[in-house]
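Novice: This is the structure I want to talk about, given as structure tokens.
The values are calculated or read from the model by the stated rules, or taken from the named source; none is laboratory data. Since this is a predicted model, take the numbers as computed values, not measurements. As a convention, Cβ positions derive from the backbone with ideal geometry for all residues, glycine included, and neighbour counts pool all protein chains shown. In case anyone asks, the SASA skips ligands and DNA or RNA and just uses the protein heavy atoms, side chains included. Shrake-Rupley method; radii C 1.70, N 1.55, O 1.52, S 1.80 Å.
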Amino acid sequence: MSFELTFAARNVLLGAGLLGALGGTLGSFAFLRRQSLLGDALAHAALPGVCLGFLISGVKAPLPLFLGALVAGLLGALFILATIRLTRIKEDTAIGIVLSVFFGAGIVLLTHIQKLPTGNQSGLDRFLFGQAATLLPEDVARMSWLGAAVLVTVLLFYKELKLMSFDADFGASLGFPVRRLEVLLTLLLVVVVVVGLQTVGVVLIVATLITPAAAARQWTERLGRMIGLSAAIGAGAGLVGAYASATIPKLPTGPAIVLISSSVLVASLLFAPNRGILWAMLRERRLTRRIRRENLLKDLYRLCEDRDDWNLLLPAVLLMGVRGQSAPQLARSARPLIAGGELEERDGAWRLTPRGKAEAARVVRKHRLWELYLTRKLELASDHVHRDAEAMEHVLTDRAVAELEARLGFPETDPHGRPIPAAPDLAAVGGRP
Amino acid sequence: MSPTLVILLVGSCVAASCALVGSFLVLRKMALMGDAISHAVLPGIAIAFLLTGDRSPLPMIIGAGALGVLTVFLVELFHRSGRLQEDASIGVVFPALFSIGVIVISRYAAQVDLDLDCVLYGEIAYTPWDTLSWGDHNLGPKALWVSGGTLLLNLALVFGLFKELKVSTFDPELGAALGFSSVALHYILMSAVSVTVVGAFESVGAILVVAMLVVPPATAYLLTDRLATMIWLGAAFGVASALGGYWLARWWDASIAGAMATVAGALFVGAMVLSPRHGLLARALGRWRGARRMDGQLVMLHLEKGRHPLPLATLVQRFGWRRTRLDRTLRELEAAGWVRRQKGGVALTDEGAEALERSGQDRLAHHLSPA
């Protein structure tokens, strides 16, 4: 692999990076406005425009083709809007209609042009499948100008576009010209789509818009950061993809770019903090384990309470019956408790240490206070409240419990007549937070 | 069989089988799953091609069908994870799969005859000459077997599971209560869509399959409120698009599949404008009639019975109308016998007074009736 890039390859790299940044920016708005597939329709709708641009101007110059694509894309967008507003057809179907009918008409025109004496359509089908390798310095220069114009527009109308992305109805109630902003956003989208056609082609344009935006969304809750990140991911995928395509033989540019941004998306879905699937699974597991531990302590507490003997050694077999758990499951919950000095083990039987008793009392206290709260405030029957309390005892904070207790007037027994452990002896032993 | 007949038959079979499953896609707001599947099956076709080394239809249909189901599964997976909207989920899955397909083809199958253009827009004009043979017997055009088989399969699906599909489309909760598994139905329908897309792929290409899946059923949806009618009407529009498209393509010397999609689009626009109940024309006419009825009632409300005719100049002044509008309204009311021109102006007749009262009661009844 050579790191010496030819001038042409550097040109392609630049173009792909630019397109990635642009697509990432505009795609963020499309993603948030749930219009991910609008870009797909606009890209397909541009084809007849490209053909008409050629037929009318008679030359394969970029400008007429570009203008044709722009006009056709806008017409497609208008047709989608009109269909949704004026008929019972829903958005997805309207998008499907524009996408396929415009493209069909485009193919009719393309085959027609093919048969003209002037016309091999080789310059035109570049617009279909995208051939980044054919990007000329002029193309990149045009992309930069258009890209700059798009970015400046986004910056100028940032506040308005932001509101449109989250709550267009609220925007309308504030007196924003929502319709005109929608048209502006669609226009920007069409420009980016048409700019991208030449590089990645009709089919893959939707990925340059949506995939970086979807990946960026996993990392942040703030629009500004999301746009920046999305543009960066898009640009990075463009650069790396174009580089890979330039150095690895028979690796088409568009698909390479898309696969790289798709990998970034998958990694983001899995690993992003807060929203990452892996972290969510981990959190879930941690919570389940804590609940199991707390349940074990509580079960021990109640068994001791029933026998009024706090030094009781309880065999695992007895505890297995309480919640239908297997011996290994119980042992897994018990191990950290033994290590933490909350349980003592002797000959396969367990006993609460003072510290364990305090921790168990804390859980039991939450459970019984919540049961009492439900029976008193919601007037639920006392035999209906246990399951609900089973869930709440693990999530109530100490402060909430203190307030609950105050509201209930510092009760001493739960609805079933059992004593509610008092708060102070927790502090004495230093219960776990 | 003449080549023309083969092309027309293949086009009609494809259009009809697309409409059968497409109607459900349109009603379930999943029209774009057809688009996604039609692109995402590419790697399945490429891999089947690489494994078998030729273009026999069965492995390709199996490979593509598997990828179709994988597409549906991945879209659901991302969507269900709660991290992507359904449209975004579609928008990230199919380009990725399509990219894999393009890379596989350009790296491993570039020399052989698996033309990307052909996959994308198909070439139905070649179908009569691509025949299937069994030993020495020529069994006729391959595409006819494939599209005919797909049609039979979809007919069996729609007839066999009509009630289940209907209930789960319009009222998924009722479906669940009656014991239909909506997940199973979803996958059955999507498998049928995948098979249909693949079967149609070679003849009309990926994007035009989308046209046949979505446009004729949408056209039918503008004309009827009944599911069964929508399905057969959609199939009829599909066949009409196929036939009309063929003649258009012959006439313009252009892509047959593209012309079919164009005709389908024209039929949709026609229905959008002309549909008797939902059409733009019918609704504009309804609004216009309503406006004129309002004009008539407004005038009548300002007139008194019998003796005290109101001068025309007063009416013009009160309403701020142009004189022609008033004249037209009066002419209509006179023709109905509800007003009478007299010396010094116009007045309400007895019939007019009655009509006014009746319409008031109608309106009241209308307002009081539940929806």
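Novice: Averaged per residue, what accessible area in Å² does segment A:304-422 show with a 1.4 Å probe, protein chains only?
Specialist: Computed with neighbouring chains in place, this is 55 Å² per residue.
Novice: So, one more: What average count of beta carbons from other chains do you get within 10 Å of the Cβ of residues in A:256-264?
Specialist: That works out to 4 on average.
Novice: Rank these by accessible area, largest first, 1.4 Å probe: A:Arg286, A:Arg332.
Specialist: So, going from the largest accessible area down, we get A:Arg286, A:Arg332.
Novice: Could you identify which residue out of A:Ala133, A:Ala267, A:Ala358 has the top mean-square fluctuation in a GNM of chain A using Cα springs shorter than 10 Å?
Specialist: Largest GNM mean-square fluctuation: A:Ala358.
Novice: Suppose R0 equals 51 Å; then what is the FRET efficiency for B:Glu354 and A:Leu270 from their Cβ-Cβ distance, rounded to the nearest 0.05?
Specialist: Taking R0 as 51 Å, the efficiency between B:Glu354 and A:Leu270 is 0.10.
Novice: Which whole-number percentage describes the relative contact order of chain A, with Cα contacts under 8 Å and a sequence gap of 6 or more?
Specialist: RCO, chain A: 17 percent.
Novice: Counting pairwise Cα distances across segment A:288-433, what percent come out greater than 19 angstrom?
Specialist: Result for the distance tail: 51 percent.
Novice: Let me check against my output: what whole-number percent is the relative contact order of segment A:338-389, with C-alpha pairs under 8 Å and at least 6 apart?
Specialist: So the answer I get is 22 percent.
Novice: So, one more: Pop out the carbon and sulfur fraction of the accessible area of segment B:123-213 as a percent, whole number, probe 1.4 Å.
Specialist: Summing carbon and sulfur atoms, their accessible area is 67 percent of the total for segment B:123-213.
Novice: Taking R0 as 25 Å, what FRET efficiency do you get between A:Ile84 and B:Leu243 from their Cβ-Cβ distance, rounded to the nearest 0.05?
Specialist: Efficiency for this residue pair is about 0.25.
Novice: For a test of the definition: using alpha carbon positions, the gyration tensor, and the 1.5 limit on a/c, classify segment B:179-254 as rounded, prolate or oblate.
Specialist: Here segment B:179-254 falls in the oblate category.
Novice: Taking springs between alpha-carbon atoms closer than 10 angstrom, which of A:Val194, A:Val101, A:Val322 fluctuates most in the Gaussian network model of chain A?
Specialist: A:Val322
Novice: Then there's this: Which of B:Val263, B:Val316, B:Val209 moves the most in a Gaussian network model of chain B with Cα springs under 10 Å?
Specialist: Maximum among the listed residues: B:Val316.
Novice: Enter the mean number of other protein chain beta carbons within 10 Å of the beta carbon of each residue in B:210-219, as an integer.
Specialist: The per-residue average across the peptide is 5.
Novice: Ignoring everything except DSSP H segments at least 4 long, calculate the 222 nm mean residue ellipticity for chain B; use -39,500 (n - 2.57) per segment, divide by total residues, nearest 500.
Specialist: -25000 deg cm²/dmol
Novice: Between A:Leu287 and A:Ala381, what length in nm is gained on full extension when 0.36 nm per residue of separation is reduced by their alpha carbon distance?
Specialist: 30.9 nm
Novice: Just reorder B:Arg322, A:Arg335, A:Arg346, A:Arg275 by solvent-accessible area, largest first, 1.4 Å probe, all chains present.
Specialist: B:Arg322, A:Arg335, A:Arg346, A:Arg275
Novice: Rounded to two decimals, what is the ratio between the C-alpha radius of gyration of the protein assembly as shown and 2.2 N^0.38 Å?
Specialist: Computed over Cα atoms of the protein assembly as shown, the ratio equals 1.24.
Novice: Express in nm, to one decimal, how much length is gained between A:Ala349 and A:Gln114 on full extension, taking 0.36 nm for each residue of separation and deducting their alpha carbon distance.
Specialist: That pair, A:Ala349 and A:Gln114, stretches by 75.9 nm at full extension.
Novice: Here's something else I'd like to know. Probe radius 1.4 Å, ligands and nucleic acids left out: can you give me the accessible area buried at the A-B interface, summed over both chains, in Å² to the nearest hundred?
Specialist: Using a 1.4 Å probe on protein heavy atoms, the buried area is about 4800 Å².
Novice: Summarise the partner chain shielding of B:102-108 as one whole number: the mean count of Cβ atoms from other chains within 10 Å of each residue's Cβ.
Specialist: Mean partner-chain Cβ count within 10 Å for B:102-108: 5.
Novice: Accessible area per residue, 1.4 Å probe, Å², for segment B:152-220: what's the number?
Specialist: I get 37 Å² per residue for segment B:152-220.
Novice: Here is a follow-up. Among B:His79, B:His308, A:His367, what's the order by accessible area (1.4 angstrom probe), most exposed first?
Specialist: B:His308, B:His79, A:His367
Novice: If you don't mind, another one. Got the relative contact order for segment A:254-334 handy, in percent, Cα pairs under 8 Å and 6 or more residues apart?
Specialist: 19 percent
Novice: Measure nothing but the geometry: give the 0 to 90° angle between the long axis through the Cα atoms of A:277-307 and the longest principal axis through the Cα atoms of chain A, rounded to 10°.
Specialist: Helix A:277-307 sits at roughly 10 degrees to that axis.
Novice: Okay, moving on. Please work out whether chain A counts as rounded, prolate or oblate from its C-alpha gyration tensor, where a ≥ b ≥ c are the square roots of the eigenvalues and a/c under 1.5 means rounded, while otherwise a/b larger than b/c means prolate and anything else oblate?
Specialist: prolate
Novice: Further question: R0 = 30 Å: FRET efficiency of B:Leu298 with B:Gln342, Cβ-based, nearest 0.05?
Specialist: 0.90
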